[in-house]
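Report on one structure; see the data block that follows.
What follows draws every value from the coordinates through simple rules; no lab data is involved. Small disclaimer: the values here were computed from a predicted structure and weren't measured. Don't worry about glycine lacking a Cβ; one is built from the backbone with ideal geometry, like all the others, and counts go over all protein chains shown.
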Amino acid sequence: MTAQLRTEKLTLSYGKNVVLENLTIEIPDGAVTALVGPNACGKSTLLRALARLIKPRSGAVLLEGRKIQNINTRMVARTIALLPQQAEAPAGMRVIDLVGRGRTPHQSPIQQWSVKDETIVMDALSQVGLLGEQDRALEDLSGGQRQRAWIAMVLAQQTEILLLDEPTTFLDLRYQIDALKLVANLQKERDLTVVMVLHDINLAARFAHHIVGMKDGTVVTQGPPKDVVTAKNIDAIYGLKSNVIIPQGSDAPHVIAL
């Protein structure tokens, strides 16, 4: 069965600078995929291309077998939601107003807000544990709460695919775990397809079903964590010597740098 979202000989560039070249990958449906690799290897660029924010130099991003560039913008927004790495909101914006932005692709000039929209927004707030905080300003929330508010916004978009660019950035370890647990639970409950960029290979191994290991704009390896997270692959991706163990009480591989 063909994956709903995939790339075919995809090459991306900024001007004359080629960032990704001849990339063919399939994103598993109904699973969490983590894009990992060193800085500037093309992870975020790939994610933006999957969201149709970057036009390929050659090759294509395919959504349900169609070139994503040829699909109506509103239809793409109803299928794919992107949470960028450094999401920003106007000063003083309330949580409920941010989450309400997720309903934009489903609205029209004739009907911009409905009881259905209100129900979906409140449900998204409930799912991320922010029901009761909806009238607070974003800047008054903790870092973990703000990240959950942004996740609620993409949930309110009600898409089948979520793209998350470093959803744990600027969070301490506890909130990183909380955010990824939330993503994992939502993926399971809604049978979502999730693609997220992560810097921490151990968090990727713990929370992803599928890992794509990248370096210098190419894919070094991809597959389930137990196949990707090996000492040989960590060396190939990061140039780092390591031991890889399976901690007691876990089935996820864990990298210990040497």
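Let me know the Rg and Dmax you get for the chain when you use only its Cα atoms, in Å.
In Å, with Rg to one decimal and Dmax whole: 18.6, 61.
Going Cα to Cα from Lys241, which lysines come in below 21 Å? Please leave out same-chain ones fewer than 8 positions away.
Within reach: Lys215, Lys226, Lys232.
Just to confirm the number: angle between the C-alpha axis of helix 115-127 and the first principal axis of the chain, 0 to 90 degrees, nearest 10?
Computed tilt is about 50 degrees.
As a check on your grasp of the helix formula, calculate [θ] at 222 nm for the chain: sum -39500 (n - 2.57) over DSSP H runs of n ≥ 4, divide by the residue count, round to the nearest 500.
Result for the chain: -9000 deg cm²/dmol, rounded to the nearest 500.
Show the residues, 5+ positions off or on another chain, whose built amide H is closer than 5 Å to the amide H of Leu82.
Excluding prolines and chain starts, which carry no amide H, the hits are Leu163.
Per-residue HN-Hα couplings for segment 163-180, Karplus 6.51 cos²θ - 1.76 cosθ + 1.60 at θ = phi - 60°, whole Hz, x for Gly and Pro?
Here the 3J(HN,Hα) series is 10, 10, 9, 6, x, 9, 4, 6, 9, 6, 4, 4, 6, 4, 4, 4, 5, 6 Hz.
Can you give the angle from 0 to 90° between the axis of helix 143-156 and the longest principal axis of the chain, with both taken from C-alpha atoms, to the nearest 10?
70 degrees
Need the full-extension length gain, Leu258 to Asp123, defined as separation in residues times 0.36 nm minus the C-alpha distance. One decimal, nm.
Contour length minus Cα-Cα distance gives 44.0 nm.
In sequence order, what are the phi-derived ³J(HN,Hα) couplings for segment 57-66 according to the Karplus relation 6.51 cos²θ - 1.76 cosθ + 1.60 with θ = phi - 60°, rounded to whole Hz, with x for glycine and proline?
Result, ordered by residue: 6, 7, x, 7, 9, 10, 10, 6, x, 10 Hz.
Please report the antiparallel percentage of the DSSP beta bridges confined to segment 120-258, to the nearest 5.
Around 65 percent of the beta bridges assigned by DSSP in segment 120-258 are antiparallel ones.
Stokes-Einstein diffusion coefficient for segment 112-162 at 25 °C in a medium of 0.890 mPa s, Rh from the Kirkwood formula over Cα pairs: what value in µm²/s?
Calculated translational D: 216 µm²/s.
Dividing the alpha-carbon Rg of segment 1-139 by 2.2 N^0.38 Å yields what?
1.24
How much net charge surrounds Gln157 when only other residues with a Cβ under 14 Å from its Cβ are counted (Lys, Arg +1; Asp, Glu -1)?
Taking every Cβ under 14 Å from that of Gln157, the sum is +3.
With all distinct Cα pairs included, what does the Kirkwood hydrodynamic radius of segment 102-230 come out to in Å, to one decimal, could you say?
Here the Kirkwood hydrodynamic radius works out to 16.2 Å.
Separation of segment 146-161 and segment 187-227 by C-alpha centroid, Å?
A separation of 20 Å, based on Cα centres.
Could you compute Rg(Cα) / (2.2 N^0.38 Å) for segment 171-258, with N its residue count?
Working: Rg = 13.3 Å, N = 88, 2.2 N^0.38 = 12.1 Å.
So segment 171-258 has a normalised radius of gyration of 1.11.
Give me the percent of DSSP beta bridges within the chain that run antiparallel, rounded to the nearest 5.
Percent antiparallel among DSSP bridges in the chain is about 60.
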